[in-house]
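The values are calculated or read from the model by the stated rules, or taken from the named source; none is laboratory data. Please read all numbers here as calculations on a predicted model, not as lab measurements. In this analysis, Cβ positions are derived from the backbone assuming ideal geometry, glycine residues included, and neighbour counts consider all displayed protein chains. Please note that ligands, DNA and RNA were not included when accessible areas were found on the heavy atoms of the full protein model with its side chains. Shrake-Rupley method; radii C 1.70, N 1.55, O 1.52, S 1.80 Å.
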Amino acid sequence: MASFTERMAFVLVMALCLSGALAVDRGNFKTCDQSAFCKRQRALKPGESPYRALLETMELTNTRLTLQLINDNNKVRLLLELYRLQGNITRVKINELKPLKPRFEVPDVLVREPPTEPLSLLSQDENGVVLSLGAESQRVIVSARPFRLDIMEGRDVLMSLNSRGLLAFEHLRMRKDTSQADSEAEKKEEVDPANPAEQTTKDEDDKDEDGMWEETFKSHTDGKPNGPSAISLDFSLPGVEHVYGIPEHAETLRLKTTDNGDPYRLYNLDVFQYELFNPMALYGAVPVMLAHNSQRTTGIFWLNAAETWVDISSNTAGKTVFGKMLDYVQGSSETPQTDVRWISESGIIDVFIMLGPTPKDVFSQYASLTGTQSFPPLSSLAYHQCRWNYNDQEDVKLVDAGFDEHDIPYDFIWLDIEHTDGKRYFTWDPHKFATPKEMLQGIMDKKRKMVAIVDPHIKVDSNYKIHNEIRSRGFYIKNKDGGDYEGWCWPGSAGYPDFTCADMRSWWASMFAYDQYGGSMENLYTWNDMNEPSVFNGPEVTMHKDAMHGAWEHRDVHNLYGFYVQMATAEGLIQRSGGVERPFVLTRAFFAGSQRYGAVWTGDNAAEWDHLKISIPMCLSLGLVGISFCGADVGGFFKSPSSELLVRWYQTGAYQPFFRAHAHLDTPRREPWLFGPENTALIREAVRQRYTLLPYWYLQFYQAHCTGQPVMRPLWVEYPQDPATFAIDDEFLIGTDLLVHPVTEEGARGVTAYLPGKNEVWFDVNTFQKHNGAQNLYIPVTMSSIPVFQRGGSIIPRKLRVRRSSTCMEHDPYTLFVALNPQRTAEGELYIDDGHTFNYEKKEFIHRKLFFANNILSSINLAPDAKFSTQSWIERVIILGASKPSKVTLQTADGQESQLEFEFDSSMSVLTLRKPGMNAGEDWKVMLQ
Amino acid sequence: MSGHHYCHLVLLLVLSTGAFAVEVHRPRGVPLSKLQFYEEGKPFTCLDGSHTIPFDRINDDYCDCQDGSDEPGFRSVFIPSSRINDGVCDCCDTTDEYNSGAACQNTCKELGRQEQESLRKLTEIANEGFLLKQQLIQEAKRGIEDKKTKLEEIQTSKKALEDKVEALRTVKETAEEPEKEAKDRHLKAWEDQKAVIRMEKDMAKMAEVFLELDDDADGFVSVSELLSHSELDPNSEDSFTEAEAQTLLGGVDKLDTEGFKSFWSTVKEKYKSEVTADTSVESPQEETTEPASEHDSEQYPEDDVPEDEGEDDEEEEDDDADDVHYKATQEQKDDEDEGVMPPYDDKTQSLIDAAQKARDEFNEVERSLREVSDQISNLEKEISFDFGPSGEFAYLYSQCYDLTTSEYIYRLCPFNRVSQKPKFGGSETSLGTWGKWAGPEDDVHSVMKYEHGQGCWQGPNRSTTVKLTCGTETVVMSTSEPSRCEYLMEFTTPAVCKQPPAPESRPREHVEL
């Protein structure tokens, strides 16, 4: 006995120690079991679908098919709508045929009502219907009993819906237990008199379960006046072993199966000190999943803004490589398959099936629905210096001067919540920031900019103009009793403006006008934090689900809140300049479509090596679902990094889209020069590399803005047929031409990078050493190493004259890095505009193709109808993998020819053309002879 | 820090790409000291030896040399090359922006005037401060002399006091001897009386216990009757066996009242009464459980609770609670004591009074001696303290200087402590106590460090760095908290003023601008 208790005691102590070490307090956040609808839905057994398609109700018009489904258990009818959308997308909508009251459908996320293409009937019998989806012999088969959809191409099933019979649709119903008596009268009024009588009778079949009409988590009770309203649907993906996306989770790039734990959760939450590698919800949610194998990439976009859980299972999960080989040798007939199941608390089923077939197609398809990445001001792609908090104007001045003193460039300095007057946003602390315009002017004199935080919780204070206006206009979210909802956040008691309301948003936008936002100037931009929304004393640190946004419950719109906050803020920044200037707004919470409004960061991470590592898959996952402008706090927000970790984080961050250092209030200062001259030099070099590459970054964002392709890409996106790339998430591509494998291990002596592409070559950007593709390459590293490779076959423009801010470099000349492939060709692009206005929409830009073939490098105008002039010229051309020419001739636009001087390094086969001097915006040719 | 610099980019050579001006004296940006390397018309070898290039490639807006030495016009000794033609006016003479289109104003004259003005002021301050410093040094010297004199005086008086203490000690001890005897007598009489009472009580208790144990009331306490009292188990790790009980009873099966006596004397310390056992244990626990928090926000430590010093207050409350508890238990103990000792008889009392008087006199003199000793050690400490090379900081000793900001009153008591007190009520927070001089090696007396102040939540103890600058007055100029809980104070004092160079020897280069 004694020994048993001793052991128990030991286990207990261990458990306590472990839970002490884990950062997040998991108990503050729900598991699926603690979320009544998730528990209910997850308990459904596959293969028992009660749904049957009533084929006789089918109506097929040119643009859509409608069909009723009936639940044979309770006789509730659903309406299925099926659309063929332009660009190889199929949309499936399922709603109640006659809901007791309307169910929420997500507005404002789609950029427009998606244009349709005709559907046609191929065949029909009593078991089902076959429709043609138009292109590429694609068909959709509607099976009647049980209801099921199969999307086919030729003989292959691409995707099946309800194949496991987990379609569930909790219809709205009247509460029938006795406790409803007091609200009976109210309820009766709500009943649609036109509702068929059967509605009430069929309810008899549904048993009330716990949590259907009320649910308590910790001390919070969620009264659910509308009762159960969850929806669920399963998708089968034959031939698929790799699925990605559904951010935001602190998780590997490739999603894991969820059979042995909780599903991935999508519910925007302010998670204090989040834990890595688990499916818990974080600050943002994009309900988009990509499925990939070497033949095809597809995507599922589940347009629902309520709390959502996603289960993933696979018939090959857990099988070892050996097991799979055994299957293969024994001719096991089972093809790999991934099954996915989405569960949401309310709303309707509205799902877009993006059929690829290539990754690029899926990105275009998704972009056609929710839009592309906003085109950021060039300066916002440079380096950002943030801290909670820069204490006062003097502090800002000293930090600014510190960058000059140590010759480190930066473009933005940030102010966190302490800059305000008592956490009243749009105001300044009267003592610490008494003359904000003076401060902003000082920054502007150096061609630099500032970001100040504006959070969506508004201090309840009758002396605060913003609060008074929101209250008097009735713009606050209401609690379930109709009063203004109040929660606890940074300012203490706070109200939350209803950003789902368009009038509220336009009022909010108007608050950014220079005459409204005192102390603001054109070089002041905005940061929206805490917009999940974060409510310190709310359930799961967020808003009560029964709070009201007009007619809708917070339950219906929760994941949209942050999206709308950023939308309204970005609109404010556009409006204040009369529609001229591009905005820059950083947000923590996000949803599908948030890419249209600015940048996103991965929230409150920590100064730990694993947090550095996970910044890569977290941003890759966001890029896959449209949000390219992603970054993690360089250095880590919580805790204090060692100088080694800080240097490595700068080196990694310099090659990620949003590059901002940030630190918690309680951590020691960590401006780049505080870690000794050696580390200062290492950080300076990393930041300078970022600045030299700004022309390339800017081009990537222009392209992302035009096409929806991600900027930071997983390798498999560019090498979709190479399974070796499918799970890689410790290295990544920027665009197509730069491969980065940052050093993210403490004390690393080397890294092993996978260089993809069977017939490709890659050039080390530091040594110009050439390496063959399709190999794992061991690279010895020192503290100064950032392993980066340029793809053979590419041309990358850089600006090598790094100055104190990107704006200071505007007119500087370019150096072109031409990396030849084995066929001795290369191509790239150069994009130039004013860097900050919307004038590019009026065709004021330069967009050129740089092309090397047959020993001729030429610059070709890709946009002959666009006009813009630049002072920048080409100061140098470096050709990697070249042979020595005897003569180099430059031919300019006017036909003039001149000889260029050059230098050839035969050991590395590098040819450097000295000062060709042509204007970067003009036609020219350089001929090697 | 001024944004503008005197750049001295000599504008003798104006080059545009390809074109070459005639009268070359020296290329833009080449300092005279390096002119020998840039010989007109001759090939130029990069200063790092990396290349040799024709002379016309100097300042042609292209870096041929790895060290950039072929582009001296782009790499000023005064500002980094990255600031030339970047559209930001760095040089007051606009020479850094000769090709950027930036509309820079030549502000050198104004700047020069301002600089001269501030230089003049600084010189004035330095001069005046330096004079004051001489006074301080003199004062310090006098102070040291005074202190040494005083020290000697005190040391003499200490000697006298020591003698007096010894004399009074003898008086005291002589008076205390008869006092002690008389008191002991009195006490012993009282103890004897108490022992009788206690024995009676013990007998009564024994009888009571006997009855309590003798469950079957047969006039004997048996082995089985004992077993329910496991507290008597001599070997508490296992159960209380009959054999053990029997051993306790002295090897017999049962005891009558007489036999019980010796048994009782061995077990009475351990024995727990059946009656009191149940009632006494319970109670105090409950109160200590903390009330459940109303919200889920415990995870947001401190920061989300706006502006209060919660922790400190709570600690104080805890202390109070402990005090109350402590007092309560004390009282309980007193209650249990058997009666009160009777007062001393007159004779004893007068002996006590005499002894007390002797004690009082002795204590008083001894206290004076202690004070004198403290004074001596303080003086010695002060005399040997590092108040700077010439004692110029001595005047700061035992002074305090305040700075009032919008929220706080900061107080610097040099060589002692730094603190912060909210302006509108609230308790004072220590920002550190004197640590050490912490300036750079060649000027160690320019920075003071105060350490081990009040701890920060989840952070280090507060500490303060005080930077000293020359001023005619002794003032705390500013405070800041650049990092959480690491404070920085700027403090002016004449004690750090250095003699400014004589006006003639000052470099005059700026003046012409």
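I need a count of the residues in segment A:644-664 that are open to solvent by less than 10 Å² (accessible area, probe 1.4 Å) and out of contact with any Cys (no Cβ under 9 Å at 6 or more places or on another chain).
Qualifying residue count, segment A:644-664: 12.
Report, by residue number, each residue of segment A:668-695 that is more than 24 Å from residue A:808 (Cα to Cα), within 14 Å of another protein chain (Cβ to nearest Cβ) and either open to solvent by less than 20 Å² (accessible area, probe 1.4 Å) or not aromatic (Phe, Trp, Tyr) (or both). Full working, then the answer.
The initial filter retains those residues of segment A:668-695 that are more than 24 Å from residue A:808 (Cα to Cα), namely A:668-670, A:674-679.
Narrowing further to those that are within 14 Å of another protein chain (Cβ to nearest Cβ): A:668-670, A:674-675.
Correct list: A:668, A:669, A:670, A:674.
Pull up segment A:521-563, narrow it to residues that are of a type in the set (Phe, Trp, Tyr) and under 22 Å from residue A:420 (Cβ atoms), then point me to the one that is nearest to the other protein chains (Cβ to nearest Cβ).
Just the residues of segment A:521-563 that are of a type in the set (Phe, Trp, Tyr), to begin with: A:525, A:527, A:536, A:552, A:561, A:563.
Still in the list and also under 22 Å from residue A:420 (Cβ atoms): A:525, A:527, A:536, A:561.
On the way: A:525: 20, A:527: 18, A:536: 4, A:561: 19 Å.
Applying the filter and picking the extreme gives A:536.
Could you tell me whether segment A:633-643 includes any residue that is of a type in the set (Lys, Arg), surrounded by fewer than 20 Cβ atoms within 10 Å (Cβ to Cβ) and closer than 19 Å to residue A:406 by Cα? Can you show your working first?
Kept after step one, since they are of a type in the set (Lys, Arg), are these residues of segment A:633-643: A:639.
Those still in the list that are surrounded by fewer than 20 Cβ atoms within 10 Å (Cβ to Cβ) too: A:639.
Filter once more, keeping what is closer than 19 Å to residue A:406 by Cα: none.
The answer is no; no qualifying residue exists.
I'm trying to understand the selection: among the residues of segment A:256-271, which are of a type outside the set (Asp, Glu) and over 20 Å from the mean Cα position of the chain (by Cα)?
A:257, A:258, A:260, A:261
For every residue, the table says whether it meets (1) touching an Asp or Glu at 6+ places or on another chain (Cβ under 8 Å); (2) farther than 28 Å from residue B:101 by Cα; (3) part of a strand (DSSP E or B); (4) open to solvent by 60 Å² or more (accessible area, probe 1.4 Å).
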residue	(1), (2), (3), (4)
A:831	no, no, yes, no
A:835	yes, no, no, no
A:839	yes, no, no, no
A:847	yes, no, yes, no
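So is residue A:30 over 26 Å from residue A:140 (Cα atoms), outside any helix (DSSP H, G or I) and open to solvent by 20 Å² or more (accessible area, probe 1.4 Å) or not?
Details: over 26 Å from residue A:140 (Cα atoms): yes; outside any helix (DSSP H, G or I): yes; open to solvent by 20 Å² or more (accessible area, probe 1.4 Å): yes.
Taking the combined requirement at face value, the residue satisfies it.
Take residue A:672 and tell me if it is touching a residue at least 60 places away in the same chain (Cβ under 8 Å) and part of a loop (DSSP other than H, G, I, E, B). Before you say what the answer is, go through the steps one by one.
Numbers: touching a residue at least 60 places away in the same chain (Cβ under 8 Å): yes; part of a loop (DSSP other than H, G, I, E, B): yes.
So residue A:672 passes the test.
Which of the residues belonging to segment B:449-464 are touching a strand residue (DSSP E or B) at 6+ places or on another chain (Cβ under 7 Å) and either surrounded by fewer than 16 Cβ atoms within 10 Å (Cβ to Cβ) or without any contact (Cβ under 8 Å) to a residue 40 or more places away in the chain (or both)?
Of the residues in segment B:449-464, the ones touching a strand residue (DSSP E or B) at 6+ places or on another chain (Cβ under 7 Å) are B:449-455, B:461-464.
Correct list: B:449, B:450, B:451, B:452, B:453, B:454, B:455, B:461, B:462, B:463.
In contact with a helix residue (DSSP H, G or I) (Cβ under 6 Å, 6 or more places away or on another chain) and assigned to a loop (DSSP other than H, G, I, E, B): which single residue out of B:86, B:61, B:67 fits that description?
Details: B:61 fails: in contact with a helix residue (DSSP H, G or I) (Cβ under 6 Å, 6 or more places away or on another chain); B:67 fails: in contact with a helix residue (DSSP H, G or I) (Cβ under 6 Å, 6 or more places away or on another chain).
Testing whether each residue is in contact with a helix residue (DSSP H, G or I) (Cβ under 6 Å, 6 or more places away or on another chain) and assigned to a loop (DSSP other than H, G, I, E, B) leaves just B:86.
Open to solvent by 20 Å² or more (accessible area, probe 1.4 Å) and within 17 Å of residue B:493 (Cα to Cα): which single residue out of B:421, B:436, B:467 fits that description? Break it down into steps so the answer makes sense when it comes.
Values: B:421 fails: within 17 Å of residue B:493 (Cα to Cα); B:436 fails: within 17 Å of residue B:493 (Cα to Cα).
Selected residue: B:467, the only one of B:421, B:436, B:467 that is open to solvent by 20 Å² or more (accessible area, probe 1.4 Å) and within 17 Å of residue B:493 (Cα to Cα).
Which pairs do you get when a residue that is open to solvent by 30 Å² or more (accessible area, probe 1.4 Å), found in segment A:896-919, comes within reach of a residue that is not in a strand (DSSP E or B), reach meaning Cβ atoms under 6 angstrom, with the pair 6+ apart or on two chains?
From segment A:896-919, the pairs are A:904/A:884; A:908/A:768; A:909/A:881; A:909/A:882; A:915/B:62.
For (1) modelled with pLDDT of 95 or more; (2) out of contact with any Gly (no Cβ under 8 Å at 6 or more places or on another chain); (3) open to solvent by 40 Å² or more (accessible area, probe 1.4 Å), each residue gets a yes or a no:
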site	(1), (2), (3)
A:296	yes, no, no
A:305	yes, no, no
A:326	no, yes, yes
A:330	no, yes, yes
A:339	yes, yes, no
A:342	yes, yes, no
A:353	yes, no, no
A:364	yes, no, yes
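Just the residues that are free of Cβ contacts under 8 Å to residues at least 12 places away in the same chain and not in a helix (DSSP H, G or I), please, taken from segment B:101-141.
Once the filter is applied, which keeps residues that are free of Cβ contacts under 8 Å to residues at least 12 places away in the same chain and not in a helix (DSSP H, G or I), segment B:101-141 yields only B:103.
Inspect all residues belonging to segment A:590-611 and state whether any of them is more than 14 Å from chain B (Cβ to nearest Cβ), more than 30 Å from residue A:646 (Cβ to Cβ) and assigned to a helix (DSSP H, G or I).
Yes, that holds for at least one residue.
I'm told residue A:835 meets every condition in (1) closer than 30 Å to residue A:570 by Cβ; (2) away from chain B (no Cβ under 14 Å) except one. Can you identify the failing condition by its number?
Residue A:835 satisfies all of (1) closer than 30 Å to residue A:570 by Cβ; (2) away from chain B (no Cβ under 14 Å) except (2).
Among the residues in segment A:797-811, are any buried (at least 23 other Cβ atoms within 10 Å of the Cβ) and more than 13 Å from chain B (Cβ to nearest Cβ)?
Looking for residues that are buried (at least 23 other Cβ atoms within 10 Å of the Cβ) and more than 13 Å from chain B (Cβ to nearest Cβ), one finds at least one in segment A:797-811, hence yes.
Can you pull out every residue in segment B:166-221 that is basic (Lys, Arg), out of contact with any Phe, Trp or Tyr (no Cβ under 7 Å at 6 or more places or on another chain) and either in contact (Cβ under 8 Å) with a residue 24 or more places away in the chain or over 17 Å from residue B:341 (Cβ atoms) (or both)?
First, pick out the residues of segment B:166-221 that are basic (Lys, Arg): B:169, B:172, B:180, B:183, B:185, B:188, B:194, B:198, B:201, B:205.
Now restrict to residues that are out of contact with any Phe, Trp or Tyr (no Cβ under 7 Å at 6 or more places or on another chain): B:180, B:183, B:185, B:188, B:194, B:198, B:201, B:205.
Residues satisfying the conditions are B:183, B:185, B:194, B:198, B:201, B:205.
From A:495, A:487, which residue is more than 14 Å from chain B (Cβ to nearest Cβ), crowded, with 16+ Cβ neighbours inside 10 Å and among the small types (Gly, Ala, Ser)? Show your work before the answer.
Working: A:487 fails: more than 14 Å from chain B (Cβ to nearest Cβ).
Result: A:495 is the single residue among A:495, A:487 that is more than 14 Å from chain B (Cβ to nearest Cβ), crowded, with 16+ Cβ neighbours inside 10 Å and among the small types (Gly, Ala, Ser).
Given the structure, is residue A:698 within 14 Å of chain B (Cβ to nearest Cβ), of a type in the set (Phe, Trp, Tyr), over 18 Å from residue A:741 (Cβ atoms) and open to solvent by less than 10 Å² (accessible area, probe 1.4 Å)? Walk me through how you get there before you give the answer.
Numbers: within 14 Å of chain B (Cβ to nearest Cβ): no; of a type in the set (Phe, Trp, Tyr): yes; over 18 Å from residue A:741 (Cβ atoms): yes; open to solvent by less than 10 Å² (accessible area, probe 1.4 Å): yes.
For residue A:698, the condition - within 14 Å of chain B (Cβ to nearest Cβ), of a type in the set (Phe, Trp, Tyr), over 18 Å from residue A:741 (Cβ atoms) and open to solvent by less than 10 Å² (accessible area, probe 1.4 Å) - is not met.
Consider segment A:268-277. How many of its residues are away from chain B (no Cβ under 14 Å) and surrounded by 24 or more Cβ atoms within 10 Å (Cβ to Cβ)? If you could, list the steps in order and put the result at the bottom.
The initial filter retains those residues of segment A:268-277 that are away from chain B (no Cβ under 14 Å), namely A:268, A:276-277.
Adding the requirement that they be surrounded by 24 or more Cβ atoms within 10 Å (Cβ to Cβ) leaves A:268.
Summing the residues that are away from chain B (no Cβ under 14 Å) and surrounded by 24 or more Cβ atoms within 10 Å (Cβ to Cβ) in segment A:268-277 gives 1.
Taking segment A:219-229 on its own, how many of its residues are surrounded by 15 or more Cβ atoms within 10 Å (Cβ to Cβ) and either out of contact with any Ser or Thr (no Cβ under 8 Å at 6 or more places or on another chain) or closer than 24 Å to residue A:27 by Cα (or both)? So that I can check it myself, show each step before the final result.
Start the filter on segment A:219-229 by keeping residues that are surrounded by 15 or more Cβ atoms within 10 Å (Cβ to Cβ), which leaves A:220, A:222, A:224-229.
Remaining after also requiring either out of contact with any Ser or Thr (no Cβ under 8 Å at 6 or more places or on another chain) or closer than 24 Å to residue A:27 by Cα (or both): A:220, A:222, A:224, A:227-228.
Number of matching residues: 5.
Name the residue that is farthest from residue A:664 (Cα to Cα), counting only residues in segment B:469-485 that are within 14 Å of chain A (Cβ to nearest Cβ) and modelled with pLDDT of 90 or more.
Filtering segment B:469-485 for residues within 14 Å of chain A (Cβ to nearest Cβ) gives B:477-485.
Checking the rest, the ones that are also modelled with pLDDT of 90 or more come to B:477-479.
Numbers: B:477: 28, B:478: 25, B:479: 21 Å.
The selected residue is B:477.
Restricted to segment A:456-484, and to residues that are open to solvent by less than 30 Å² (accessible area, probe 1.4 Å) and in a strand (DSSP E or B), which residue is nearest to residue A:427 (Cα to Cα)?
Only one residue fits best here, namely A:458.
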